[in-house]
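K.L.:
One structure follows; several queries about it will come next.
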Amino acid sequence: MKYTVRKSVIDVVGKIWMPAITASQRIVLNAHDLEHLRDDDGKITRESVEQWFSTHLGDFQSIQDFSASIEDGDITIDIPWASEDGEMAYLDTLPSED
């Protein structure tokens, strides 16, 4: 038997509170989170995800950038990094492979 697991994730990079350094986090979303990501029209957009950050990312004092892959029913909503600098900042926070 074969199973397919679909996950909704947001990768975010920004400044944390203490110490005030650049850090990253991968957020795995649940069904409750997905409902709160929607805008007034019921759509999930870059702007609606940014709005969700204001109540769910208390570890960060500021967000530099994010990317997301969100499963909404049978469709996948891909939100790319806003800039190459944001993606590079995220990659710089990951452990290096020697």
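Any read-out appearing in this document is the output of simple, stated calculations on the displayed coordinates, not a laboratory observation. Treat the numbers as computed from the prediction; the structure is a model and nothing was measured. Because the Cβ atoms are built from the backbone with ideal geometry, glycine has one as well, and the counts that use them run over all protein chains shown.
K.L.:
Beyond 21 Å, what share of the Cα-Cα pairs of the range 8-93 remains, rounded to the nearest whole percent?
P.N.:
27
K.L.:
Please give the length that would be gained between ILE75 and LYS43 if that part of the chain were fully extended, namely 0.36 nm times their separation in residues minus their C-alpha to C-alpha distance (nm, one decimal).
P.N.:
Result: 10.3 nm gained on full extension.
K.L.:
Right, something else. If each residue's Cβ is checked for other Cβ atoms within 10 Å, how do LYS2, LYS15 rank with the fewest at the top?
P.N.:
Arranged by neighbour count, lowest to highest, LYS2, LYS15 become LYS2, LYS15.
K.L.:
May I ask you to evaluate 6.51 cos²θ - 1.76 cosθ + 1.60, the Karplus curve with θ = phi - 60°, for each residue of the range 41-55 and list the ³J(HN,Hα) values in order in whole Hz, giving x for glycine and proline?
P.N.:
8, x, 9, 9, 10, 4, 5, 5, 5, 4, 5, 4, 4, 4, 10
K.L.:
Still on this structure, I have one more. Take peptides 84-91, 55-62 and line them up by average Cβ neighbours within 10 Å, highest first, as a rough protection proxy.
P.N.:
Per-residue Cβ counts within 10 Å, averaged per peptide and sorted highest first, yield 84-91, 55-62.
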